[in-house]
1. Find the residue count for the stretch 143-172, including only residues that are closer than 22 Å to Val131 by Cβ and either open to solvent by 30 Å² or more (accessible area, probe 1.4 Å) or out of contact with any helix residue (DSSP H, G or I) (no Cβ under 9 Å at 6 or more places or on another chain) (or both).
2. Which members of the stretch 176-207 meet the condition of being part of a strand (DSSP E or B) and out of contact with any Pro (no Cβ under 6 Å at 6 or more places or on another chain)?
3. For the subset of the stretch 280-292 comprising residues that are more than 10 Å from the ligand (Cβ to nearest atom) and either within 13 Å of Gly319 (Cα to Cα) or charged (D, E, K, R) (or both), which member is most open to solvent (accessible area, probe 1.4 Å)?
4. Checking the structure you have, find out if any residue of the stretch 234-245 is more than 16 Å from the ligand (Cβ to nearest atom), on the phi < 0 side of the Ramachandran plot and out of contact with any helix residue (DSSP H, G or I) (no Cβ under 7 Å at 6 or more places or on another chain).
5. Would you pick out the residues in the stretch 297-312 that are open to solvent by 40 Å² or more (accessible area, probe 1.4 Å) and either within 13 Å of the ligand (Cβ to nearest atom) or part of a strand (DSSP E or B) (or both)?
6. Is there any pair with a first residue in the stretch 337-364 that is at pLDDT below 95 and a second that is open to solvent by 30 Å² or more (accessible area, probe 1.4 Å) whose Cβ atoms are under 7 Å apart and which are 6 or more apart or on different chains, and what are they?
7. Take the conditions more than 14 Å from the ligand (Cβ to nearest atom) and either open to solvent by 10 Å² or more (accessible area, probe 1.4 Å) or out of contact with any strand residue (DSSP E or B) (no Cβ under 8 Å at 6 or more places or on another chain) (or both) and apply them to Glu254. Does it pass?
8. Within the stretch 313-325, can you find the residues that are assigned to a loop (DSSP other than H, G, I, E, B) and either within 16 Å of the ligand (Cβ to nearest atom) or of a type in the set (Gly, Ala, Ser) (or both)?
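The values are calculated or read from the model by the stated rules, or taken from the named source; none is laboratory data. If you're wondering where the values come from, they're calculated on a predicted model, not measured in any experiment. As a convention, Cβ positions derive from the backbone with ideal geometry for all residues, glycine included, and neighbour counts pool all protein chains shown. Note: areas computed on protein heavy atoms with side chains; ligands, DNA, RNA excluded. Shrake-Rupley method; radii C 1.70, N 1.55, O 1.52, S 1.80 Å.
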Amino acid sequence: HAADAHRTDLMTITRHVLNEQSKHPESKGDFTILLSHIVLGCKFVCSAVNKVLLFLFPSTIASPIAISTSIPPCLFSQAGLAKLIGLAGETNGEEQKKLDVLSNQVFVKALISSGRTCVLVSEEDEEATFVDPSLRGKYCVVFDPLDGSSNIDCGVSIGTIFGIYMVKDKDNVSLDDVLQPGKHMVAAGYCMYGSPCTLVLSTGNGVNGFTLDPSLGEFILTHPDIKIPKRGKLYSVNEGNAKNWDTPTAKFVEKCKFPKDGSSPKSLRYIGSMVADVHRTLLYGGIFLYPADKQSPNGKLRVLYEVFPMSFLMEQAGGQAFTGEQRALDLVPTKIHQRSPVFLGSYDDVEEIKALYAAEEKKA
Ligand code: P6P
């Protein structure tokens, strides 16, 4: 019966969140409704990315005719792709949208139509979106609709990253509602468009992973209560920036490669798509670094919709996240697209680089 229960007692993401929300008697289901709209956006993007990948690796398709009839041209990620499969010019006036632009439009519309949001910040939009008062709710969502999208043409996993704040005063909404420290987030997560499509979410009570079952069109709980190993054997950084690193980062990476305590060197794993690198770090342990360097004094990654959500998840999974100066979630952003260095992952690994920055601080 136990095996049967496992197969028939489907723990969908909606049911899981409803269970979590039932622990908050005051909640009226608004968060569950918001989340269902985020999940809808993820399902759409997952489908669109897979269709584009189908074109990139057409070995599974009978003929170009199958391509031209099966997918609306607007889903192509690159105009070149449309040319590649001979559909350029057959777009009946529909502009060739890049997949990240299309994904952004889907998420913005889904979030607004949920009636549960009041401010949106997207990596794709220069300015924040203030939802019309008639559709306004109490949540503020910051997101990168398709992080790492430059990797799509080679089939590397990319993803959506999101963080959710509660508005401070629903009748007086302002940019301050999204310029809150990451520790004020009520939830954060990412959806990785790989094989399979995986959504990882925390609402402040630990981290859970859900896998999209295409036959059901549902995200099913497959990774309950994820905990990151206390220490890992992997480090993840773009070594191509090594000549520009500061001393603590350089010393840390040197230690990973040439440990002085006789332990084995750590292995380098770097995909260059944050969702993929962070997902591997969360499950296997280790440390992901995007440090500042002489060229980029604030690093490359964006605070609101890359650093904060991933730091939130790491802390909820028993790891930690550091900016080189402070706990990442304590940072108070002043601009919606500002950047920050970040070191996140296994608790003990991040402790090591914190010690190196503290030692450098003392010397200064
Ligand atoms: P680099 C992708 O463009 C991205 O924003 C993140 O997903 C990824 O972690 C980072 O940039 C990779 O940057 O400089 O190593 O190519």
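1. The first filter runs over the stretch 143-172 and keeps only residues closer than 22 Å to Val131 by Cβ, leaving 143-146, 160-172.
From what is left, the residues that are either open to solvent by 30 Å² or more (accessible area, probe 1.4 Å) or out of contact with any helix residue (DSSP H, G or I) (no Cβ under 9 Å at 6 or more places or on another chain) (or both) are 166, 168-172.
Residues meeting the conditions: 6.
2. Taking the stretch 176-207 and keeping what is part of a strand (DSSP E or B), we get 187-193, 197-202.
Ala187, Gly189, Tyr190, Cys191, Met192, Tyr193, Cys197, Thr198, Leu199, Val200, Leu201, Ser202 - these are the residues of the stretch 176-207 that are part of a strand (DSSP E or B) and out of contact with any Pro (no Cβ under 6 Å at 6 or more places or on another chain).
3. Among those that are more than 10 Å from the ligand (Cβ to nearest atom) and either within 13 Å of Gly319 (Cα to Cα) or charged (D, E, K, R) (or both), it is Tyr284.
4. Within the stretch 234-245, the first condition is being more than 16 Å from the ligand (Cβ to nearest atom), and the residues that meet it are none.
Checking the stretch 234-245: not a single residue is more than 16 Å from the ligand (Cβ to nearest atom), on the phi < 0 side of the Ramachandran plot and out of contact with any helix residue (DSSP H, G or I) (no Cβ under 7 Å at 6 or more places or on another chain).
5. First, the residues of the stretch 297-312 that are open to solvent by 40 Å² or more (accessible area, probe 1.4 Å): 297-298, 300, 302.
Across the stretch 297-312, the qualifying residues are Lys300, Arg302.
6. Close Cβ pairs satisfying both conditions: Glu360/Thr247.
7. Working: more than 14 Å from the ligand (Cβ to nearest atom): yes; either open to solvent by 10 Å² or more (accessible area, probe 1.4 Å) or out of contact with any strand residue (DSSP E or B) (no Cβ under 8 Å at 6 or more places or on another chain) (or both): yes.
Yes, satisfied.
8. Keep residues of the stretch 313-325 that are assigned to a loop (DSSP other than H, G, I, E, B), which gives 317-319, 323-325.
Selection gives Ala317, Gly318, Gly319, Thr323, Gly324.
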